[in-house]
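I have placed the structure first, in the form of structure tokens, so that the comments after it can refer back to it.
The values are calculated or read from the model by the stated rules, or taken from the named source; none is laboratory data. None of the values given here were measured: they were computed from a predicted structure. All Cβ positions, even for glycine, are placed from backbone atoms using ideal geometry, and neighbour counts span all protein chains on display. Each accessible area value is taken on the protein alone, full model and side chains, heavy atoms only, with ligands, DNA and RNA left out. Shrake-Rupley method; radii C 1.70, N 1.55, O 1.52, S 1.80 Å.
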Amino acid sequence: MTDDRIALQTLLEKSSDASLLREMIGFAAQRLMARETDALCGAAHGERTSERLNHRNGFRDRDWETRAGTVELRIPKLRKGSYFPGFLEPRRMAEKALTAVIQEAYVHGISTRSVDDLVQAMGGSGVSKSQVSRLCAEIDERVQAFLHRPIEGDWPYVWLDATYVKVRRDGRIISVAVIIAVGVNTDGRREVLGMGVGASEAETFWTDFLRSLARRGLRGVKLVISDAHEGLKAAADRVLNASWQRCRVHFMRNATAHAGKTQRRIVSAWIGTAFAQDDADAARTQWRIVADQLRPRVPRLAGLMDDAEADVLAFTTFPKEHRTKIHSTNPLERLNGEIKRRTDVVGIFPNEAAIVRLVGAILLEQNDEWTVQRRYMSLETLGSFTDTAIVSLPAVAA
């Protein structure tokens, strides 16, 4: 070991802050990106030469999650084509899928002006069918393996949500539902369980989708969380034999729509007093008190509360530590936002396989990120109402 390496090791050992290591990683990454960009441009930054192939065009910021913490990167942009650092290549599955879908739309002759611009931004005037086939085959293999992997263990909580995208089918443009299932297992880990594409959210579609998850091994489900859908509720009861939690956020939007604009905040706070109770019995009692007080003034809202009581308050029978995460579909909002951001770029998908390719790639990336994050729920709180015993290591003898 050289003196310089010894000095560096000593410095790291003396430092109690990981910021030094993050700065070193960031510095090395920036130097590496600068060298790669120089090679692509055929010239160094600011250098004037006839051999220059491209020019830099600013930067785009990106957070890089490392074991030393979050490193803030400034990725160079080019005037022609695009650049992405090689050391981030494993996280480019969604970008590759998006490129494949756009190129497939272009090849099938359904390109719009935005698709033409994107194809030109990739550095060419068109793409061949063979190029598209190779790229799609590479992505489809990984996405299909992920979406059809066995589901192991018990999954007490499952969130279900749907978003709609447009696709061409038999010469027509129609909207189809893209269903996402996310669960938390008894180890406290959150994973994407699967996805489905259907023409509508009919009960038969939900039943087929949940049965496909069950065939892959989904079991031990105690609560399904989603927005209001009777077909989903019936399917969850039939296939998973689980309770159903109606998304509290969606219910509150429906409830406050029955109140006047000036009264919505007051009504929301009034109903919210039921959610603040410590146990299920107290929550139900307060819920009925609020409904009875609203009945003379807003009878339709009171009737809505009567019908939704059991479904909206289902989360109150579960451990208190979990309630903020299981009372709504909010834990899926960030994931849904990313899906909409990517699918809006495409606009109209050429076929349903392209939908599975792009959305599946996004889900695969998200699942990888959740794998390296801390547990979504603690083992202790999960062990209090599951049949799985908590395994602890024996204490180390002094």
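Within the range 296-309, is even one residue free of Cβ contacts under 8 Å to residues at least 12 places away in the same chain, surrounded by 15 or more Cβ atoms within 10 Å (Cβ to Cβ) and assigned to a loop (DSSP other than H, G, I, E, B)? So far as the range 296-309 goes, no, none of its residues is free of Cβ contacts under 8 Å to residues at least 12 places away in the same chain, surrounded by 15 or more Cβ atoms within 10 Å (Cβ to Cβ) and assigned to a loop (DSSP other than H, G, I, E, B).
Just one of (1) surrounded by 22 or more Cβ atoms within 10 Å (Cβ to Cβ); (2) under 22 Å from Q366 (Cβ atoms) fails for T163. It is (1).
Take the conditions (1) assigned to a helix (DSSP H, G or I); (2) over 21 Å from T324 (Cβ atoms); A274 misses just one of them, which is (2).
I151: farther than 20 Å from L335 by Cα and either part of a loop (DSSP other than H, G, I, E, B) or open to solvent by less than 30 Å² (accessible area, probe 1.4 Å) (or both), yes or no? Yes, satisfied.
Restricting attention to the range 26-60 and to residues that are hydroxyl-bearing (S, T, Y) and in a loop (DSSP other than H, G, I, E, B), the residue that is surrounded by the most Cβ atoms within 10 Å (Cβ to Cβ) turns out to be T49.
Taken over the range 212-268, the criterion of being surrounded by 14 or more Cβ atoms within 10 Å (Cβ to Cβ) and among the hydroxyl-bearing types (S, T, Y) is satisfied by S212, S226, S243, T256, S268.
I'd like the full set of residues that are part of a helix (DSSP H, G or I), within 18 Å of Y157 (Cβ to Cβ) and at pLDDT 80 or above, limited to the range 344-398.
Selection gives L363, Q366, N367, W370, T371, L379, E380, T381, L382.
No other residue among R238, R246, R265, R253 is basic (K, R) and under 16 Å from W159 (Cβ atoms) apart from R246. Among the residues of the range 181-201, those that are in a strand (DSSP E or B) and farther than 23 Å from L382 by Cα comprise M195, G196, V197, G198.
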